Amino acid sequence: MSTLLSSLGRWSYRHPWRVIGSWILLLLVMGAAALGMNKGFDDSITIPGTEAQDGIEQLERTFPQVSGTAAQFIVVAADGDSVNDDAYQEPIERAVDDLADVPSMSSATSPYDGLVDGLVNDDESAAIAQLQLEGQSTTISDDVKQQIEDRVHELADDLPDGSTTKLGGDLFATELPTITPTEGVGVLIALIVLIVTFRAFVMAGLPLAVALIGVGVSLLGIVAATAFTDVSATTPLLALMLGLAVGIDYALFIAARHQDQVRDGVAPEDAAARATGTAGSAVVFAGVTVLIALIGLGFAGIPFLTTMGIAAAVAVAVAVAIAITLTPALLGFVKHRASGRPPRREKKGKGFAKRWVGMVTKHPIVTTIAVVIGLGVIALPATQLGLALPNAGSLPKDSEARQAYDLTGEHFGEGFNGPLILTGSIITSDDPVGLMEDLAEAVEDIDGVKEVAMATPNETADTGIVQIIPEAGPSDPETTEVVHELRAHHDEWLDEFGIDLTVTGFTAVAIDVSAKLGQALLPFGIFVVGLSFVLLMIVFRS
């Protein structure tokens, strides 16, 4: 491989315009493809093969009023007041009526309707209004969100002084990462570090130029790929971050090796060829190992995560290809300027770095064993790893959704932030209301269940739901145990009530996703380590 890469580096050095022109042409082609084929990003997230996902799909067909995405606002009365006072009840009910007319709103429940138990807390100091919208939180328009926010904030102005009104729920707890100026600041810091490292502005800009062109090709390709598959808006961000990181590093490996050799008196062309053959081999090996890890994300069995892994893997592959071709081509323009300012003269004797390298290479077996044992000790906490998806409780404290989450936990209990839904077909029942009441009594006997907020059939009496408020919050292991316990009663309740029950809801989906990720960790690790080891053996033998 080193010989092949060395020849490629020499050819690229001798024909810089061909190489640069090819990459620029590819960038333009990808840009045209992105403009013509872009179908937009799809942020809807489905987790096939999980009970919670099956339950959501069933509710979408038979009970749309409780499917989709939930939101809620909490009102905390001023000290000494009661939320049952007319000064609170009338404005809240007007607000709920107005919100019911918002597009995509499937239901808006007042705390005073009596449809859901427990929406006014025991000491009447707080009340919650529940909103249910059609679709996933990532597919609901910003205009709809803004209408809800405006009406709730208007309500806050109508309530007595000293009261608090906060808007939250799943709809406002989901924050998708986006490209921000932070990435630009990171690139600027990288440029400063490269200038200090290379002691030459021209050489410092070279890895950045290589990385940015590679990232441009990758991101435009991802946009074009939306014509053929569903791609989430987070996918380009992952490709951008990985593409920039490895793109700069890979070009830096080759450029730094080239600079060292030019400073030692090697002809620039020979230095470029040697750098591409030696450092380029490390680049290819490192890139392939990253590709293996990213492709291994498919073991989780989560479609959007698999798509993200493949897209990021393409970005890394492009970074490798552009590093071993465009880097030596740009070095062909730099020529002798690659040496930059000569480094300071070394002090007599070996520095710490040289002594360290000498020590570890002199005792390779001891070093290897020490590293493996050290990593094993560091990795021990992973055996107690608890997986969970982020919710409003993980948002910054100045976020309104986080404040609503905290107030709900304070006045209603942590479990109110993560209700569960038990649903199933009741089409064969001749007393659907009585059946749901009996099922609710059985559910309330389960350890970890605080209360049943609602147990009702739908309008056509073919599907029933039980809304369950657990004792603990959505990320608490106790809530996970409640979900497992409810599912463990499936066969028993099927025999007793004749209902094939499914546990679902936002919290149950998060628990199922965490479980799938946990189950995928071992095969993922075996896949990545195994293939990387095979690759390492191939490199050593060659």
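Expressed as an acute angle from 0 to 90° and rounded to the nearest 10, what is the orientation of the C-alpha long axis of helix 2-14 relative to the principal long axis of the chain?
80 degrees
Counting only residues 5 or more places away or on other chains, whose amide H sits under 5 Å from the amide H of residue 163 once H atoms are built in the peptide plane?
Under 5 Å from the amide H of residue 163: 78.
For the Cα atoms of the chain, what angle does the longest principal axis make with the long axis of helix 303-334, in degrees from 0 to 90, nearest 10?
The angle comes out near 20 degrees.
Apply the Karplus curve 6.51 cos²θ - 1.76 cosθ + 1.60, θ = phi - 60°, to the phi angles in region 482-491 and return the couplings in whole Hz, x for Gly and Pro.
Once θ is set to phi - 60°, the couplings for region 482-491 become 4, 4, 5, 5, 4, 5, 5, 8, 3, 5 Hz.
Apply the Karplus curve 6.51 cos²θ - 1.76 cosθ + 1.60, θ = phi - 60°, to the phi angles in region 412-429 and return the couplings in whole Hz, x for Gly and Pro.
10, x, 4, x, 5, 7, x, x, 10, 10, 10, 9, x, 7, 10, 4, 8, 7
Along the Cα→Cβ direction, 7 angstrom out, place labels at residue 496 and residue 113. What is the inter-label distance in nm?
2.9 nm
Based on the alpha-carbon gyration tensor of region 370-426 and its eigenvalue square roots a ≥ b ≥ c, which shape applies: rounded if a/c is under 1.5, prolate if not and a/b is larger than b/c, or oblate? Can you show the working numbers first?
Numbers: a/c = 3.90, a/b = 1.77, b/c = 2.21.
Here region 370-426 falls in the oblate category.
As an exercise, use a Förster radius of 45 Å and the Cβ-Cβ distance of residue 478 and residue 266 to find the FRET efficiency, rounded to the nearest 0.05. Provide the component values of the computation, followed by the final result.
On the way: r = 66 Å, r/R0 = 1.46.
For R0 = 45 Å, the calculated efficiency reads 0.10.
From the Cα trace of the chain, what convex hull volume per residue do you get, rounded to a whole Å³?
Normalising the Cα hull of the chain by residue number yields 202 Å³.
Using amide H atoms built in the peptide plane, which far-off residues or other-chain residues are under 5 Å from residue 451 H to H?
Under 5 Å from the amide H of residue 451: 469.
Please work out the ratio of the alpha-carbon Rg of region 7-112 to 2.2 N^0.38 Å and round it to two decimals. Numbers along the way, then the final one.
On the way: Rg = 28.4 Å, N = 106, 2.2 N^0.38 = 12.9 Å.
Normalised Cα radius of gyration, region 7-112: 2.19.
Given Cβ point charges of +1 (Lys, Arg) and -1 (Asp, Glu) and nothing else, what value in debye, to the nearest 20, does the dipole of the chain about its Cα centre take? Could you put the intermediate results ahead of the total?
Details: 30 positive and 66 negative charges, 1771 e Å.
In debye, rounded to 20, the chain gives about 8500.
Which cross-chain or sequence-distant (5 or more) residues have an amide H under 5 Å from the amide H of residue 107, H modelled 1.01 Å from N in plane?
When sequence neighbours closer than 5 places are left aside, the close amide H contacts are 132.
How many angstrom lie between the Cα centre of region 165-228 and the Cα centre of region 471-539?
Each part's Cα centre sits 33 Å from the other's.
Spelling out what I want: for every residue of region 281-292, take phi, set θ = phi - 60°, compute 6.51 cos²θ - 1.76 cosθ + 1.60 (Karplus), and round to whole Hz; glycine and proline get x.
Listing the rounded values in order: 5, 5, 4, 5, 4, 4, x, 5, 5, 5, 4, 4 Hz.
Restricted to Cα positions, what overall size does region 119-214 have along the principal axes? Three whole-Å values, descending.
Each principal axis gives a Cα extent; for region 119-214 these are 69, 33, 23 Å.
Mean residue ellipticity at 222 nm from the helices of the chain, using -39,500 (n - 2.57) per DSSP H segment of n ≥ 4 over the full residue count, to the nearest 500 deg cm²/dmol?
Details: 18 runs with 324 residues, N = 542.
After summing the helix terms and dividing by the residues of the chain, the value is -20000 deg cm²/dmol.
Mean separation of Cα pairs under 8 Å and 6+ residues apart, divided by the residue count of region 431-536: what relative contact order is that in percent? Please report the intermediate quantities before stating the final value.
Working: 91 pairs, mean separation 18.4, N = 106.
Here the relative contact order equals 17 percent.
With contacts defined as alpha carbon pairs under 8 Å and 6 or more residues apart, what's the relative contact order of the chain in percent?
Values: 876 pairs, mean separation 108.2, N = 542.
Reported as a whole number, the value is 20 percent.
Read-outs: derived from the displayed coordinates by stated rules, not from any lab. In this text, all values refer to a predicted model and were calculated from it rather than measured experimentally. When we count neighbours, we look across all protein chains shown, and the Cβ atoms used for this are built from the backbone with ideal geometry, even at glycine.
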